[in-house]
């Protein structure tokens, strides 16, 4: 299917180490060679890099791996296509604007028999994946529930998005990451793991590449960085496995 | 202020040559060092590269210059900030989705005394530039005029966007590029030039870098490629200067 990677931190942090692990799975250590994408938030703005080519030998993935973009919220996805052909408009993360914020969404899994139930009215998909359709439907429901102006209580908005995810899970496998740049919602059907790194920091070894990092050299004692992935990226740390139907909501590195 | 670059072609074409000229103006041969952005359309999808750093020495600009992405429609912008601070959310081109298409917008100029008149309801800006506000307002007007479903006659939609641009021009300098990936609308207040290259192709020399190209080596006899820029990029070709209040609408390289 696909793989997901998310990061949420209380200080702008680069994702070079984790992305180096993920990108290998896009054609080298894994079969997810049908494109990749990554969204970095910096303040209210975000930038997104996408390539319909395999990440393991993409010049764009190579740049991301070695060009440290400091961000508090990152969502990334490597694709093994099932619904929707291999092309740019079907490449995750999908981005839409709602309430003056850029929202990003990435999905791992496959939905079935959803076409009668999942019919967004306001947010029309560009491509033809089940994933983008689900994202558009979520935004529609948020818009209908909370109205045209940005709600004050964004935590309640994300808790509602988790409830909507329960409905989407009824149609198949639905592991996903959703963010507005501040909150990061993770929802699990089958595969989703998370880890929070904070002081005292240690060392970590990537599973997919012969690369290690000593986080004590890269951080300050106040840093809190949470990483979420469909499969653990390191082999010497404890990753929390999420249960079916479980969601975890983070804001700037911290579980809320 | 800023500079604009657009390309529209009947076959997927890379913009490495023209972008190489433009990016020099972002801090080396020109003062537009407050970030840059570029949107490439490939089919219905698009990808966008942005950097709030100067383009002339940006690793991302360097990649774009040497990594030939083939596209039929491209919009790019290098920024010299006036309204809105230097940050990612104020970096052009701005992208929004309407009618299941990704729309991109880039603006050169500065508007004044517009806040009472330009108040978008549906499309809320993320940043605080006059440019993004104008873009959101245009999308609002298109939505109100043509409704929720994608109109069949997209040429009429762009002609209406040109009329809306007449209204925006009343507030100041407004040179702009607007595209849905198929049509590319250019609107001139003060500085906008265009050139269509087709057989028989010749050679061209960049003004801003010691780089020449022989288009006969890069093209087939059927290729039609139009480039639009706030200032000509080459010194040995004839660029058409647009007049104040004039617009030109292109579709896949051809004036329509």
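The values are calculated or read from the model by the stated rules, or taken from the named source; none is laboratory data. From a predicted model like this one, the values you see are computed outputs, not experimental measurements. All Cβ positions, even for glycine, are placed from backbone atoms using ideal geometry, and neighbour counts span all protein chains on display.
For the range A:73-95, a tally of residues being closer than 22 Å to residue A:171 by Cβ and surrounded by fewer than 22 Cβ atoms within 10 Å (Cβ to Cβ) returns 6.
Would you call residue A:62 part of a helix (DSSP H, G or I), at the interface with another protein chain (Cβ under 10 Å from one of its Cβ atoms) and closer than 23 Å to residue B:123 by Cβ? Considered against the rule, which asks whether it is part of a helix (DSSP H, G or I), at the interface with another protein chain (Cβ under 10 Å from one of its Cβ atoms) and closer than 23 Å to residue B:123 by Cβ, residue A:62 comes out as no. Among the residues making up the range B:82-97, those that are touching a helix residue (DSSP H, G or I) at 6+ places or on another chain (Cβ under 7 Å), at negative phi and either more than 8 Å from every other protein chain (Cβ to nearest Cβ) or modelled with pLDDT under 95 (or both) are B:83, B:92, B:94.
When B:221, B:232 are screened for being part of a loop (DSSP other than H, G, I, E, B) and over 21 Å from residue B:4 (Cβ atoms), only B:221 passes. Criterion first (crowded, with 18+ Cβ neighbours inside 10 Å, outside any loop (DSSP other than H, G, I, E, B) and either at pLDDT below 95 or touching a strand residue (DSSP E or B) at 6+ places or on another chain (Cβ under 9 Å) (or both)) does residue B:102 satisfy it? Considered against the rule, which asks whether it is crowded, with 18+ Cβ neighbours inside 10 Å, outside any loop (DSSP other than H, G, I, E, B) and either at pLDDT below 95 or touching a strand residue (DSSP E or B) at 6+ places or on another chain (Cβ under 9 Å) (or both), residue B:102 comes out as yes. Scanning the range A:114-137 for residues being part of a helix (DSSP H, G or I) and touching a strand residue (DSSP E or B) at 6+ places or on another chain (Cβ under 7 Å) gives a total of 5.
I'd like the full set of residues that are outside any loop (DSSP other than H, G, I, E, B) and under 13 Å from the mean Cα position of the chain (by Cα), limited to the range A:81-99. Residues satisfying the conditions are A:94, A:95. Checking each residue in the range B:47-57 for being in a strand (DSSP E or B) and touching a helix residue (DSSP H, G or I) at 6+ places or on another chain (Cβ under 7 Å) picks out B:47, B:49, B:50, B:51.
Go through the residues of the range B:70-80 one by one and say whether even a single one is within 11 Å of chain A (Cβ to nearest Cβ) and either under 20 Å from the mean Cα position of the chain (by Cα) or part of a strand (DSSP E or B) (or both). Checked against the condition, which is being within 11 Å of chain A (Cβ to nearest Cβ) and either under 20 Å from the mean Cα position of the chain (by Cα) or part of a strand (DSSP E or B) (or both), the range B:70-80 yields at least one hit.
Sort out which residues of the range A:52-61 are out of contact with any strand residue (DSSP E or B) (no Cβ under 6 Å at 6 or more places or on another chain) and either surrounded by 22 or more Cβ atoms within 10 Å (Cβ to Cβ) or in contact (Cβ under 8 Å) with a residue 24 or more places away in the chain (or both), and write them in order of number. Full working, then the answer.
If we filter the range A:52-61 for residues that are out of contact with any strand residue (DSSP E or B) (no Cβ under 6 Å at 6 or more places or on another chain), which is where we start, we get A:52-53, A:57, A:59, A:61.
Selection gives A:52, A:57, A:61.
Answer yes or no: is there a residue in the range A:151-158 that is more than 27 Å from residue A:30 (Cβ to Cβ), at pLDDT 95 or above and within 14 Å of chain B (Cβ to nearest Cβ). Taking every residue of the range A:151-158 in turn, at least one turns out to be more than 27 Å from residue A:30 (Cβ to Cβ), at pLDDT 95 or above and within 14 Å of chain B (Cβ to nearest Cβ).
Would you tally the residues in the range B:119-139 being away from chain A (no Cβ under 12 Å) and surrounded by 16 or more Cβ atoms within 10 Å (Cβ to Cβ)? Walk me through how you get there before you give the answer.
Applying the first criterion (away from chain A (no Cβ under 12 Å)) to the range B:119-139 yields B:119, B:130-131, B:134, B:137-138.
Narrowing the set further to residues that are surrounded by 16 or more Cβ atoms within 10 Å (Cβ to Cβ) leaves B:130-131, B:134, B:137-138.
Result for the range B:119-139: 5.
Return yes or no: is residue B:147 within 14 Å of chain A (Cβ to nearest Cβ) and at positive phi? Yes.
The number of residues in the range A:19-46 being surrounded by 22 or more Cβ atoms within 10 Å (Cβ to Cβ), facing chain B (nearest Cβ under 9 Å) and more than 14 Å from the chain's Cα centre (by Cα) comes to 0. Annotation note: of B:172, B:181, the sole residue that is within 14 Å of chain A (Cβ to nearest Cβ) and either buried (at least 18 other Cβ atoms within 10 Å of the Cβ) or farther than 25 Å from residue B:48 by Cα (or both) is B:181.
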